Every structure is written in C-alpha cells, then in structure tokens.
Amino acid sequence: MECHYSSCLFLAEIISQTNKITFLKKWGYLSLQIYVMHTAVIAIVRMILQKGLKINDLVIHITLETILGIYLPLLLVQFTNQIKFPYLFSLPKPAPNKSIPSD
C-alpha cells in the first residue's frame with residue numbers, strides 16, 4: 001500500500017517540474033473551487049440532459065458531466081476575478097488590527 005503513495009508522490013513531483021502539462025497545475029491550484037462547484041454543475045447538467053433533452057446515454061452523460069464539472073467552475077473563477085469579486089470561494093482578508101490605547 002505504501003508503494004502506491006510513493007508512486008503518486010513521485011508522479012506529482014515529475015508533473016510539478018515539467019511545463020508541458022500546465023492545465024494540471026491550474027486544476028491543482030483551483031482544486032477547491034472545482035471540488036465545491038462540481039456537484040452542483042453535474043446535477044444541473046444531468047437534469048438538463050435527462051429531463052430537458054431526454055438524453056439517457058451513459059457515455060454522453062459521463063463525458064459532458066466530467067468536462068463541464070471541471071471547466072464551468074474554472075470559468076466561474078475567471079469571471080469572478082474579472083469583475084473583481086474573488087470572494088466567492090474564499091473569505092476576504094481581515095483588516096489589520098488597530099491597537100487599542102490603554103487607559
């Protein structure tokens with residue numbers, strides 16, 4: 001079992017040192033946003049496919065839900081950054097504490 005962990009760490013190290021797989025680095029950096037949003041995106045896509053378009057093909061569902069479950073959250077992050085609202089997935093930074101004068 002430990003071999004699997006070390007293999008994953010080794011692969012992660014190799015990927016981090018190469019510039020050929022930049023999309024994976026971006027996915028890793030934005031993984032929280034993808035994680036938080038993907039369930040809602042997949043549920044909406046599934047409802048549109050099944051109820052609206054009457055598509056029940058498993059391959060179409062898996063393909064579209066995977067692609068949109070990753071890329072729609074990334075587009076939302078890009079949009080919120082463009083409108084200067086980066087707080088959709090994080091809290092605003094607290095204001096610096098001002099010292100209170102003592103009596």
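The values are calculated or read from the model by the stated rules, or taken from the named source; none is laboratory data. Since the structure is predicted, the reported quantities are computational estimates derived from the model, not experimental observations. Positions of Cβ are generated from backbone atoms using ideal geometry, with glycine treated the same way; all protein chains shown enter the neighbour counts. The accessibility values were calculated without ligands, DNA or RNA, using every heavy atom of the protein model including side chains. Shrake-Rupley method; radii C 1.70, N 1.55, O 1.52, S 1.80 Å.
How much of the accessible area of the range 13-85, probe 1.4 Å, is carbon plus sulfur, in whole percent?
Carbon and sulfur atoms account for 69 percent of the accessible area of the range 13-85.
Highest first, please rank the peptides 54-64, 73-83, 37-47 by the mean number of other Cβ atoms sitting within 10 Å of their residues.
37-47, 73-83, 54-64
Below 15 angstrom from the Cβ of Met47, what's the summed charge of the other residues (Lys, Arg +1; Asp, Glu -1)?
Computed value for this residue: +2.
Counting heavy atoms of the protein chains only and a 1.4 Å probe, report the per residue accessible area for the chain as a whole number of Å².
86
Cα-based count: Lys pairs in the chain below 27 Å, eight or more positions apart or different chains?
6
Quick one: divide the alpha-carbon radius of gyration of the chain by 2.2 N^0.38 Å and tell me what you get.
This ratio for the chain stands at 1.58.
Give the calculated FRET efficiency between Phe23 and Asn81 to the nearest 0.05, with a Förster radius of 22 Å applied to their Cβ-Cβ distance.
So, using R0 = 22 Å, E works out to roughly 0.80.
Can you compute the helix-only [θ] at 222 nm over the chain? Use -39500 (n - 2.57) per DSSP H run of at least 4 residues, normalise by all residues, nearest 500 deg cm²/dmol.
Result for the chain, helices only: -21500 deg cm²/dmol.
Leaving ligands, DNA and RNA out of it, work out the accessible area of Tyr87 with a 1.4 Å probe and give it in Å² to the nearest 10.
Near enough 110 Å² of accessible area.
What residue among Ile70, Thr22, Ile83 has its Cα farthest toward the positive end of the dipole of the chain, where the charges are +1 on Lys, Arg and -1 on Asp, Glu, each on the Cβ?
Towards the positive end, the residue furthest out is Ile83.
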